[in-house]
Structures are given as C-alpha cells and as structure tokens.
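Remarks on the structure that follows.
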Amino acid sequence: MSIAIEEARAAGARGEVPVGCVIVRAGSVVALSGNRTIADRDPTAHAELIAIRAAAAALGSERLSDCDLYVTLEPCAMCAAAMSFTRIRRLYFGAADTKGGAVEHGVRFFAAPTCHHRPEVYSGINESECAELLKSFFQARR
C-alpha cells in the first residue's frame with residue numbers, strides 16, 4: 001500500500017484527485033499509477049484502470065487472476081467491474097468512499113448476482129493516511 005500512497009501523492013501534486021494504485025504478482029510490482037483524468041482528458045483514467053491496462057500489457061494477458069490490486073480509495077463501479085472482468089485475485093483498499101464507492105458502499109458490485117468474479121476484499125489498509133490525502137486535497141480547493 002505504501003507504493004499506492006506514493007502514487008496518490010504524485011497524482012495530487014499534479015492536481016489530480018490523489019488516488020494511487022499498484023498491481024502485484026508473486027511479490028513483484030507489475031504496474032502502478034495515479035489518477036490521470038485531468039491530464040488525459042479522460043473520465044475513465046482512474047488509477048485502477050490505468051494500472052490494469054498496464055499490467056495486462058506487461059503480462060500479455062487480459063486475465064490477472066494471480067495478481068493483487070492495492071488502491072488508496074474504495075473503487076467505483078467502473079473500476080470494480082474492470083477488476084471482476086480481469087479476474088483480480090485480491091483487492092486491498094485504503095479509505096472508504098461512501099459517495100462513489102461500489103465495493104462496501106453504493107451498488108456493492110461484487111455482491112451482485114450478475115458479478116462473474118469476486119476478488120477477496122480487504123478494506124481499511126492504511127485507512128487514515130489514505131483518507132487524509134483526500135481530505136487535505138479537497139480542503140485546499142475550497
């Protein structure tokens with residue numbers, strides 16, 4: 001999670017919402033990213049999707065079934081769906097997102113009967129540090 005937090009800090013320094021993600025396979029980092037929605041002018045450029053795309057390219061497969069994903073904020077429905085489609089093995093996330101999250105809040109994507117693959121989910125990893133990054137970022141903009 002410390003690498004994901006570094007990616008979140010870097011995203012925040014670029015003016016992006018400070019969310020960072022890292023994908024790990026067999027103890028090695030396969031891909032990492034921070035949010036790039038503003039820089040890429042792409043509303044789908046969430047840290048998770050960028051990292052998933054990079055991991056799939058690096059591994060030469062659309063399936064990431066032996067990979068674990070660490071992200072600083074509870075994933076939205078779009079990112080949760082991508083994790084399901086790529087068969088991510090485990091999801092570790094930091095701060096809960098009561099407004100936009102879709103794992104433990106909102107639509108609870110992995111609990112839906114139409115969800116084909118459900119990763120193991122571990123929440124609250126470095127939660128206070130992840131939440132503080134977001135709070136500080138948004139306070140500075142108000």
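The values are calculated or read from the model by the stated rules, or taken from the named source; none is laboratory data. Remember, predicted model here, so these are calculated numbers, not experimental data. When we count neighbours, we look across all protein chains shown, and the Cβ atoms used for this are built from the backbone with ideal geometry, even at glycine. Quick note on the areas: whole protein, heavy atoms, side chains included, nothing else; ligands and nucleic acids left out. Shrake-Rupley method; radii C 1.70, N 1.55, O 1.52, S 1.80 Å.
Picking from residues in region 55-78 that are touching a Cys at 6+ places or on another chain (Cβ under 9 Å) and part of a helix (DSSP H, G or I), the one that is least open to solvent (accessible area, probe 1.4 Å) is A55.
Yes/no matrix, rows are residues, columns are (1) open to solvent by 70 Å² or more (accessible area, probe 1.4 Å); (2) under 17 Å from I88 (Cβ atoms):
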site	(1), (2)
A4	no, yes
R14	yes, no
G27	yes, yes
R36	yes, no
H46	no, yes
L49	no, yes
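Apart from one condition, S84 fits all of (1) surrounded by 22 or more Cβ atoms within 10 Å (Cβ to Cβ); (2) in a helix (DSSP H, G or I); (3) hydroxyl-bearing (S, T, Y); the exception is (1).
In a helix (DSSP H, G or I), out of contact with any Phe, Trp or Tyr (no Cβ under 8 Å at 6 or more places or on another chain) and either open to solvent by less than 10 Å² (accessible area, probe 1.4 Å) or modelled with pLDDT of 95 or more (or both) - does that describe any residue in region 90-107?
no
Of all residues in region 1-19, exactly one satisfies the criterion of being of a type in the set (D, E, K, R), within 12 Å of L32 (Cα to Cα) and touching a residue at least 40 places away in the same chain (Cβ under 8 Å), namely E7. If the condition is being within 17 Å of S84 (Cβ to Cβ), touching a strand residue (DSSP E or B) at 6+ places or on another chain (Cβ under 7 Å), open to solvent by 30 Å² or more (accessible area, probe 1.4 Å) and not aromatic (F, W, Y), then region 108-129 contributes E120, V121, S123.
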